[in-house]
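Novice: The following block contains the structure, expressed as structure tokens.
The values are calculated or read from the model by the stated rules, or taken from the named source; none is laboratory data. Not measured: the values here are computed from a predicted model. When we count neighbours, we look across all protein chains shown, and the Cβ atoms used for this are built from the backbone with ideal geometry, even at glycine. For accessibility, only protein heavy atoms count, side chains too; no ligands or nucleic acids. Shrake-Rupley method; radii C 1.70, N 1.55, O 1.52, S 1.80 Å.
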Amino acid sequence: MQIAVLLGAPGSGKGTQAKRLTEAGFKHYSTGDMLRSAIKTGTPLGTKASTFMDKGELVPDSIMIDLIADTFSSLSPDSKILLDGFPRTVPQAEALDAKPMTQVGVALNFELPESLLVERLTGRRTCQECGATYHVKFIPPKTPGVCDRCGSKALIQRSDDTEAVVLKRLEVFKKQNSGLLEYYTKKGVLITVRADQEPQALQAEILKKLATWSK
Ligand code: AMP
């Protein structure tokens, strides 16, 4: 497998970019999306995970490592994968590299000034029907409260995008991130991109950087 992991604070635009990059043949796996879907369908994983997510804390490594192992077990060996939201800790990074099939080839680090993150996250809205994402100020839908893509009126704020939980999530991110950057720098696969540019320009930069690696 060719695996690129996306590193960066919540709100740095990893998810948005990953969705765009599926057009270039990458499969996008977001552990946050997987957990939210487990919560929605009421599985035991969802019940366990929600107690951590509601507080902005990380779900324990053992649960997350099993979830990724399960997901990857059904994929073909020639898959090109973008992992968004995993790894969040060094033990999670080590678990990927422990198996020859899931060695990480590139770690893309999304760098963004911290001052922009809180506004980006608290203004974020998602369509509950089709998953399209908006921002009340930066990417508003054409008609307020209505999804441009599917017309649904179910544009909601994620329960962990409220200001109190956002601040906790950023604190957790800062605590874990330096270890991950160090881990992937030592491995020689870290590439940093400036995430405070137009989505289109950022996408072009990422594609250029990924092209040399994923032939
Ligand atoms: P995200 O959508 O990536 O911002 O993730 C939302 C929440 O899901 C996080 O705040 C964590 O509680 C949980 N989560 C997602 N991915 C992981 C992970 N790799 N390790 C631990 N917790 C995670």
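Novice: Condition first: hydrophobic (A, V, I, L, M, F, W, C) and either open to solvent by 80 Å² or more (accessible area, probe 1.4 Å) or free of Cβ contacts under 8 Å to residues at least 12 places away in the same chain (or both). Can you find one or more residues in segment 110-132 that meet it?
Specialist: no
Novice: Hey, among the residues in segment 9-31 that are under 23 Å from PHE173 (Cβ atoms), open to solvent by 10 Å² or more (accessible area, probe 1.4 Å) and in contact with a Lys or Arg (Cβ under 9 Å, 6 or more places away or on another chain), which one's nearest to the ligand (Cβ to nearest atom)?
Specialist: Filtering segment 9-31 for residues that are under 23 Å from PHE173 (Cβ atoms), open to solvent by 10 Å² or more (accessible area, probe 1.4 Å) and in contact with a Lys or Arg (Cβ under 9 Å, 6 or more places away or on another chain), the one nearest to the ligand (Cβ to nearest atom) comes out as PRO10.
Novice: Do you know which of the residues in segment 65-84 that are of a type outside the set (S, T, N, Q) and open to solvent by less than 10 Å² (accessible area, probe 1.4 Å) is farthest from the ligand (Cβ to nearest atom)?
Specialist: The residue in question is ILE81.
Novice: Starting from residues that are assigned to a helix (DSSP H, G or I) and under 21 Å from SER74 (Cα atoms), keep the ones in segment 25-40 and report whichever is farthest from the chain's Cα centre (by Cα).
Specialist: Residue satisfying both the conditions and the ranking: ALA38.
Novice: Criterion first (touching a helix residue (DSSP H, G or I) at 6+ places or on another chain (Cβ under 9 Å), part of a loop (DSSP other than H, G, I, E, B), within 16 Å of GLY8 (Cβ to Cβ) and among the polar types (S, T, N, Q)) does GLN176 satisfy it?
Specialist: Here the answer is no, as GLN176 does not meet what is asked.
Novice: Based on what the data block shows, is GLY105 of a type outside the set (A, V, I, L, M) and surrounded by 12 or more Cβ atoms within 10 Å (Cβ to Cβ)?
Specialist: yes
Novice: Failed condition for GLN2, given (1) closer than 18 Å to LEU181 by Cα; (2) open to solvent by less than 60 Å² (accessible area, probe 1.4 Å), with all others met?
Specialist: With (1) closer than 18 Å to LEU181 by Cα; (2) open to solvent by less than 60 Å² (accessible area, probe 1.4 Å) applied to GLN2, the lone miss is (1).
Novice: Still on this model: What number of residues within segment 144-155 are open to solvent by 50 Å² or more (accessible area, probe 1.4 Å) and modelled with pLDDT of 95 or more?
Specialist: Total satisfying the criteria: 4.
Novice: Out of everything in segment 117-143 that is in a strand (DSSP E or B) and hydrophobic (A, V, I, L, M, F, W, C), what residue ends up being modelled with the lowest pLDDT?
Specialist: Checking each candidate, the answer is ILE139.
Novice: Considering only segment 35-64, state which residues are touching a Gly at 6+ places or on another chain (Cβ under 9 Å), more than 8 Å from the ligand (Cβ to nearest atom) and not polar (S, T, N, Q).
Specialist: ALA38, ILE39, LYS40
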